1. Which links in B:Lys184/B:Lys213; B:Lys109/B:Lys138; B:Lys93/B:Lys137; B:Lys184/B:Lys328 stretch past 25 Å when you go from one Cα to the other?
2. At 1.4 Å probe size, with no ligands or nucleic acids counted, give the accessible surface of B:His30 in Å², nearest ten.
3. Choose one of B:Gly395, B:Gly79, A:Asn36: the residue whose Cα lies farthest towards the positive end of the charge dipole of the protein assembly as shown (beta-carbon charges +1 Lys, Arg; -1 Asp, Glu; about the Cα centre).
4. What is the spin-label model distance, in nm, from B:Ala570 to B:Ala430 if the labels are put 7 Å beyond Cα along the C-beta direction?
5. What shape does segment B:156-364 take by its C-alpha gyration tensor, where a ≥ b ≥ c are the square roots of the eigenvalues and a/c under 1.5 counts as rounded, a/b above b/c as prolate, and the rest as oblate?
6. Taking chain B as the reference, fit the longest principal axis to its C-alpha atoms, fit the long axis of helix B:483-500 to the helix C-alpha atoms, and give the angle between the two in degrees, 0 to 90, nearest 10.
7. Rolling a 1.4 Å sphere over the protein heavy atoms, what is the accessible area per residue of the protein assembly as shown, to the nearest Å²?
8. State the percentage of accessible surface on segment B:490-568 attributable to carbon and sulfur atoms; use a 1.4 Å probe and exclude ligands, DNA and RNA.
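The values are calculated or read from the model by the stated rules, or taken from the named source; none is laboratory data. Predicted model only: the values in this text are computed from it and were never measured. Cβ coordinates were reconstructed from backbone atoms using ideal geometry, including for glycine residues, and neighbour counts include every protein chain displayed. Note: accessible area is taken over every heavy atom of the protein model, side chains too, but ligands, DNA and RNA are not part of it. Shrake-Rupley method; radii C 1.70, N 1.55, O 1.52, S 1.80 Å.
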Amino acid sequence: MVNLTMNGLEIAFEKGASLLEAARFFGIEIPTLCYNEGLNPYGACRLCLVEVGAPGRSRLVSSCTYPVQPGLIVRTHSARVLKARRLLLELYLATCPSSKIIQDLASKHHVTRVRFKQKNEECILCGLCTRYCAEQMHGHAIGMVGRGAERRIGSAFNKKSEDCRLCGGCSYICPACQARCQGPDEKSAVCGACLNLAPPCLDDHDDAMCYLDPCAACEMRGER
Amino acid sequence: MEALQARLKTPADLERYRAAIKAKQETITHRLSVCGGTGCAGGGSARIRDYLQDYLARRGLSARVALRFTGCLGLCERGPLVIVSPGEIFYQKVTAADAAEIVDQTVLKGELVERLLYTDPLNGEKYVSANEIPFLKKQSRFLLGDNWRLDPASIEDYLGLGGYAVLAGCLDGLNGAEIIARLKASRLRGRGGAGFPTGIKWAEGREAPGDQKYIICNADEGDPGAFMDRSLMEGNPHSVLEGLIIGGYAIGAGEGIVFVRAEYPTAVKNIRLAIARAEEVGLLGEDILGSGFDFRVSVSVGAGAFVSGETSALIRAVEGQVGEPRQKPPHLAQQGLWKKPTVVNNVETLANVPLILRLGTESYSGIGTASSKGTKIFSLVGKVNNTGLVEVPLGMTLREIIDDIGGGIKGGKRFKAVQTGGPSGGCLPASLLDLPTDYEALSEAGSMMGSGGMIVMDEETCMVDLARYFLAFLKEESCGACFSCREGIARMLEMVEAITRGESSPGQLELLEELAAVVKEASMCGLGQTASNPVLSTLRYFREEYLAHLVDRRCPAGVCRDLISFRIEAGICNGCGACRKSCPAGAVEGKKKEPHRIAAALCTRCGICLETCRYGAVLKE
Ligand SMILES: Cc1cc2nc3c(=O)[nH]c(=O)nc-3n(C[C@H](O)[C@H](O)[C@H](O)COP(=O)(O)O)c2cc1C
Ligand code: FES
């Protein structure tokens, strides 16, 4: 076991585990896009950032790839972390607004505007599909191709790979094209509407409980 | 030099061999060092060497006149260079046709070939000895200074200068911990970019459990315009190799690897040759000099991506994977190459090691400032009179480097900024010219030491355009794995490009700053963590220039094409028609001998008319 401090709490956690695993075990919620319990961590989406180190000498690291270490001081929701997380979510919205997962995360983090030029990409290169294919299916049918801004997911020679068994795992696990939402209206990338797809709204169901916060329906009516 | 009969088995063997080399060298009366560095080789210095060789043979002088083809001698602009010693007579802009004259006049008669001597462009004085030339004299060439004294292909030359004595001394009398203690005392810091104390890094490597360890020499050198590591590898490969062997001994590694980019064929060739020669004489391999220490070195040639110079990416590349960084910890000293403890050091760092042990830590740490010890090689390029590699004590001010060694700004223009630290360094303004070049001072000013790139800019450089240039480079070179780095750099570039086109709006500067700060904090490796520096430093020191683009839609330096226009001043134009004929867009109109006009709708703002006009009638606004 490794002893460390997380958000002021002294905790002990299994050696070799990541900060993200430890945080989740203790019920601390950290958003992720490229993490999946069944796959090797990849550290690409940067949403799981946490602050490590003593105040004044601390830095941000991705919790999914950072191992628990004796005496480490970790802060999962400091102002510095939240500021970076929000800006990253704004960038995600500006890049790939049609992902329901991204829209939900943005809503949850109160990201309500996009100040960057709007793009409409389908892939955020989180690498879940390539890792799923390689690690779970032993397929290696797809992989990362190219560097920097040219990077994309592809197969060897751009042909359908012999190794592909059409298992569909890649599209199942994709956070960008899976369960794609209808998308926001053209003017803005911020949607948030799906939070109200089937709202347990007191207007319609007298004995339902209202727990949505924020609730887009209320906000639109100007009741909050 | 006669081949050695058997491998050297003891330090005494080495000293006997060295004495034999020196005795042999006594019979040489003159030496001709022809620069084989990149610049001079481009100017045809190989041919000069061949001519000299032929001519020496024809005159029967080959036995007593030694000819060397050396690494870079430093004043690339004046190449090809030849140094004749004794006297260190410095000949510049030499051609193959001068070969015979150099031999006849200088070697045989002891007379100078006046027209080949160097005249300083600033003070107009002529110099004979290489040691007197201001550009070289004001430097402290501890690492580069031997370049003209040795042929990189010859281990005998290196031994003749006292090479490998330090290694022998270490193997004979010091254990790893003692060597590390000396390095710690010298306060040597890594020259590859991060400036991490080498002694501490070696101690971590030594203390890491495991009997198989590696030490890697990082010769990836990906910064555009930088060539200090190349110059060391090409000019004095044995000094790097000696540092690597000592490092291997100190941390307990059995294997060393030199990772060098394929774009450096001469460096690859010279280091391979150096390894082969060291193996032959017994300075590499099993039981080196009878110490019981076994060490081998191999060369790994990389494809030359900028990011693969990052240590964890480099290790993946050596393993044959795609050169992408990974998150640390686990640190390389615990889990490096093939998951074994590994130490990675830069070329220049390793070349410092034998120097420190030879000078002694006390004299060594007398060079430099309180926190930054020793010398640093800078690649001084851009708008200065003397460009090239300069080696100076750490802490020398930017002004001394640029004015005293670099000879000031070309063409009498005004200094505007200097970019230090390579593509992800920062731009410093004239008000900071007296800043000392030490690690802390540079980072506090928003730049960094990096690996030693130094680009000087004059008033004709637009700082927004410069930030755009570096961002474009980094966008290409990011591995693309981290979202913050990949998308963040692309978005910063998008925003800066909009500013250079006059298509931005005021709030964008604040947003750019906000984004730059997050890219710096959120990215995994050093590339993303420093990618914002060009933007942040130009915003910090040249904000009014950004505002001029943004608010006034004007590029003060006259660089950003979308924000400038050309006009012909009717009062000056005499209608010669030169600009009309040269304009590739056909945008200049006017009758002969009458003032011409530029049709704004057709003009592509290429500036050819401005260059063509001999009367100064074309104005850029
Ligand atoms: C993107 C990137 C590129 C780098 N390129 C190089 C390089 O070409 N050569 C080098 O020695 N270090 C390079 N470094 C620094 C290395 O990561 C590392 O700090 C250095 O090799 C360690 O050696 P030192 O302690 O002797 O400086 C680079 C770092 C980053 C983040
Ligand atoms: S979940 Fe950690 S970086 Fe994506």
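1. Beyond 25 Å between Cα atoms: B:Lys109/B:Lys138.
2. 40 Å²
3. So the residue furthest toward the plus end is B:Gly79.
4. The answer from the label model is 3.7 nm.
5. Rounded, since a/c falls under 1.5.
6. 40 degrees
7. 43 Å²
8. Looking at segment B:490-568 in its full context, I get 49 percent from C and S.
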